Amino acid sequence: MQDILIHYWWLIPILAVVSSGLFTINQGTIGVVTRLGKYAGVKRAGLNWKIPFIDQIYKRVSIQNRSVELEFQAVTIDQANVYFKSMLLYSVQNEHEETIQKVAFKFISDKDLMQALIRTVEGSIRAFVSTKKQAEVLNVRRDIVDNVKEQVDAALESWGYHLQDLQINDITFDEAIINSMSKVVASNNLKAAAENEGQALLITKTKAAEAEGNAIKIAAEAERQAAQLRGQGVALFREEVAKGMSSAAEEMKQANLDTNVILFSMWTEAIKNFAEYGKGNVIFLDGSSSGMEKTMQQIMAMQQMKSNK
């Protein structure tokens with residue numbers, strides 16, 4: 001063994017030099033190698049080798065998703081301060097060598113990348129918000145995200161990155177604006193409540209009027225039918241009375257009696273009916289012989305007019 005080491009001692013430095021070029025790349029990371037300061041290629045995850053003392057690991061580029069939280073301020077067209085809290089999710093565009101080379105050499109460090117990314121997002125949101133009024137900002141959250149994605153994604157792609165997602169988690173205003181907005185919301189709610197109450201009252205009144213109108217129509221129809229029935233009853237009664245009187249008058253003629261006795265009988269029956277059903281009402285009748293004769297003449301005249309018809 002000692003003889004072997006003596007004869008092959010020169011292999012030991014060579015093995016040491018070769019082994020010094022071995023290195024590993026972690027999963028989810030790609031290594032960028034430079035040779036004498038110039039880009040030489042990329043190394044994938046696992047065990048890799050580089051030329052000792054000549055090749056250098058310039059940067060290890062993570063291909064995993066990254067996220068960053070942003071807090072910044074913007075001003076609306078009506079000079080209202082708006083405060084945003086957002087979350088940005090991005091990653092390396094793909095694992096192509098050209099893309100990895102772009103990511104490695106666009107910025108000196110990740111700090112510079114983050115600074116440029118944050119300023120780009122802030123600038124896009126501020127430019128968009130400056131065209132909107134304070135009352136519109138809360139309703140255009142989705143539009144803000146779409147606008148920023150369109151502009152930021154273009155910048156990120158030129159750096160070798162891709163925007164995965166942008167979320168605006170919170171939008172707030174100055175305390176004075178928040179208080180005024182609360183008052184506006186409260187007044188709008190009161191207005192809506194009053195309008196709803198008015199509509200409900202109108203509906204109630206309308207339904208009540210419709211019901212009352214229907215009740216009046218029903219009562220009027222019932223009264224019309226009742227009056228019709230009463231009229232039919234009176235007509236039948238008069239018809240029967242007329243038949244009875246005609247029969248009685250015919251019998252009296254056959255017995256050579258004066259038919260005026262019938263009219264006299266009707267007159268006395270009427271007076272008797274007044275007395276029985278007057279219910280305390282005072283009825284003045286001319287009880288003199290001339291008055292009675294006048295009444296009898298009127299009754300006979302009416303009877304004669306009916307006979308002529």
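Quick check, is L236 at pLDDT 75 or above and on the phi < 0 side of the Ramachandran plot?
Against the criterion (at pLDDT 75 or above and on the phi < 0 side of the Ramachandran plot), L236 does not qualify.
For a quick check of your reading of the model, give me the residue pairs whose first member lies in segment 104-117 and is surrounded by 14 or more Cβ atoms within 10 Å (Cβ to Cβ) and part of a helix (DSSP H, G or I), whose second is of a type in the set (K, R) and at pLDDT 85 or above, with beta-carbon atoms closer than 6 Å and at least 6 apart or on different chains.
Short answer, once both residue conditions are applied: A104/K59.
Could you check segment 142-158 and list, in sequence order, the residues that are in contact with a Leu (Cβ under 7 Å, 6 or more places away or on another chain) and either farther than 26 Å from V92 by Cβ or touching a residue at least 12 places away in the same chain (Cβ under 8 Å) (or both)?
Selection gives V145, V148, K149, V152, L156.
It is to be established whether one or more residues within segment 172-194 are in a helix (DSSP H, G or I), touching a strand residue (DSSP E or B) at 6+ places or on another chain (Cβ under 9 Å) and modelled with pLDDT of 75 or more.
The answer is no, given that none of the residues of segment 172-194 is in a helix (DSSP H, G or I), touching a strand residue (DSSP E or B) at 6+ places or on another chain (Cβ under 9 Å) and modelled with pLDDT of 75 or more.
Quick one: what pairs do we get from segment 79-101, first residue more than 28 Å from I63 (Cβ to Cβ) and outside the structural domain of V42 (by TED's automatic domain parsing), second among the aromatic types (F, W, Y) and part of a strand (DSSP E or B), C-beta under 9 Å, 6+ apart or different chains?
Correct list of pairs: A80/F173; N81/F173; V82/F173; Y83/F72; Y83/F173; F84/F72.
For segment 88-101, give me each residue that is out of contact with any helix residue (DSSP H, G or I) (no Cβ under 9 Å at 6 or more places or on another chain) and buried (at least 16 other Cβ atoms within 10 Å of the Cβ).
Of everything in segment 88-101, those that are out of contact with any helix residue (DSSP H, G or I) (no Cβ under 9 Å at 6 or more places or on another chain) and buried (at least 16 other Cβ atoms within 10 Å of the Cβ) turn out to be S91, T99, I100, Q101.
Scanning for something closer than 29 Å to N94 by Cα and modelled with pLDDT under 85, does segment 131-141 turn up at least one residue?
Looking through segment 131-141, none of the residues is closer than 29 Å to N94 by Cα and modelled with pLDDT under 85.
Could you list all residues from segment 50-87 that are surrounded by fewer than 13 Cβ atoms within 10 Å (Cβ to Cβ), closer than 23 Å to S19 by Cβ and in contact with a strand residue (DSSP E or B) (Cβ under 9 Å, 6 or more places away or on another chain)?
I54
Can you tell me which residue is modelled with the lowest pLDDT among those in segment 147-161 that are in contact with a Ser or Thr (Cβ under 6 Å, 6 or more places away or on another chain) and not β-branched (V, I, T)?
So the residue we want is Q151.
Among the residues of segment 118-141, write down those that are in contact (Cβ under 8 Å) with a residue 24 or more places away in the chain and among the β-branched types (V, I, T).
Correct list: I118, T120, V121, I125, V129, T131, V137.
Y8 versus (1) loosely packed, with under 14 Cβ neighbours inside 10 Å; (2) modelled with pLDDT of 90 or more: which is the lone unmet condition?
Every condition holds for Y8 apart from (2).
For segment 24-69, which positions are among the polar types (S, T, N, Q), under 18 Å from T99 (Cβ atoms) and part of a strand (DSSP E or B)?
Listed by number, the residues that qualify are T29, T34, S62.
The values are calculated or read from the model by the stated rules, or taken from the named source; none is laboratory data. Not measured: the values here are computed from a predicted model. Note that each Cβ is placed from the backbone with ideal geometry, even for glycine, and that neighbours are counted across all protein chains shown.
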